[in-house]
């Protein structure tokens, strides 16, 4: 990783999709020392639906002053950014390209909430989940309801996930909500899809983040901190929750994490922190279980007992996660990588951890596409 | 307002009769239909109308407060994962029930109801919902 760049996640009324993408690219290239980019992979889910713009590879390359290079857009719902990073990694690791730019961008505030909800629903089975009347939040809510039923967890116990993310967002200048939450506030929050309340759901917003990838030797030669991708795994599951043998098990998260662990030669105990995908509180609990940090049905208990704050056994969402930073859908996977890189090279500011190995995981839909990366810093 | 006539027409067998398929290789039943059996890999599956006789039980549920475009008139409304008696699980709204009374394990049966209205002059689409089973003696669990 030669450099990273991000724009503050907000409702950015005065910025267009291309302006957001280019701002993050300019910041990343500056951080990387202005290398000559050979390819650009753009993670984005809803450019067409919400901003009326497709063909983002060429558009973003053009306005970033890079017309001429290989450029394309990657879409896998909420995993779009993570998957774009995976393609960038494959391009460099395979030797096809040396310097690759990966950008995640999403512009969600051009439309009203019901339209954004309908657009986000495209991540799920349109004919057999969304048409009958479920929503992305309702699917998560039904998983949460069953989890509560099977494992005897109280609804309020899930509050630890949004409380942790919001607490960590306080010191992240790029986060949307820089205010800590209280348990009272959580308990009084309006329902989105019961038992899921509005504070269990990550907010829609605008954002863009970019990273520059290069062979590790290039970074060593430049005398920069070497943050290496040591594990990378992608897996899929049934698109619909109703087709899973066990809807409480994120099979694709387990599989993609296992692939990443195997490649990196690591096990969960060796991961210093985990940028997990807290699009809904229940997803965070299931990710902890699928990735081997907690036993099945113990994700919420693990969060309370082992600790997931900056001083816990497994810090998660160290810069605010999807809840506190905001969840600009297709951009989120790249923001997660930026957070891991900042932690590993010691540029995470007030939230800096003492760490060497970090993991990031992006999830599309209800766990239908999952991308996991393990990054390490050479010290 | 969009028409999407063929998209809805194509799904009549699923929307009105829970039309699914049964695998000739391993006997697994699927709703909606699939061309390839994910369990045994067989490409030979035949149509099975009215999967589960339309009877099942609530595996889990939610009450949708924030509804998408076209569903707002009914919000808040209950949705459920309904486990049909012969295997497949279906995502559907629950109807004719006080949301307070919905429970995991509740016996339900399929009915045909209005699902979505596409504006004042657009399509009105119908499909399956599930309601609490009216006659608990009707427990026709297929062999």
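Bear in mind that the values in this text are calculations on the coordinates, not laboratory data. What you see is a predicted model; the values in this text were computed from it and never measured. Please note: Cβ atoms are built from the backbone with ideal geometry, for glycine as well, and neighbour counts cover all protein chains shown.
One table, with the values for the structure above:
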quantity: Chain A: relative contact order in percent, alpha carbon pairs under 8 Å with at least 6 residues between; calculated: 26 percent
quantity: Computed Kirkwood radius, in angstrom, where 1/r is averaged over Cα pairs of chain A; calculated: 20.1 Å
quantity: Per-residue mean of C-beta atoms belonging to partner chains within 10 Å, peptide A:134-145; calculated: 6
quantity: Length-normalised contact order for chain B - Cα pairs under 8 Å, 6+ apart - percent; calculated: 22 percent
quantity: CD proxy at 222 nm, helix term only [per DSSP H run n ≥ 4: -39500 (n - 2.57); per residue of chain B; nearest 500]; calculated: -2000 deg cm²/dmol
quantity: Label point distance in nm, residue B:117-residue A:113, each placed 7 Å from Cα along Cα→Cβ; calculated: 2.1 nm
quantity: Tail fraction, Cα-Cα pairs, region A:35-101, threshold 13 Å, whole percent; calculated: 62 percent
quantity: Residue mean of other protein chain beta carbons inside 10 Å, B:90-100; calculated: 3
quantity: Inter-part distance where region A:161-229 and region A:50-90 are each reduced to a Cα centre, Å; calculated: 21 Å
quantity: Per-residue [θ]222 nm for chain A (sum of -39500 (n - 2.57) over DSSP H runs n ≥ 4, rounded to 500); calculated: -10500 deg cm²/dmol
quantity: Taking A:323, B:116, A:266 and counting other C-beta atoms within 10 Å, the order from fewest to most; calculated: A:266, B:116, A:323
quantity: Where Rh is the Kirkwood radius over Cα pairs, Rg/Rh for region B:5-131; calculated: 1.01
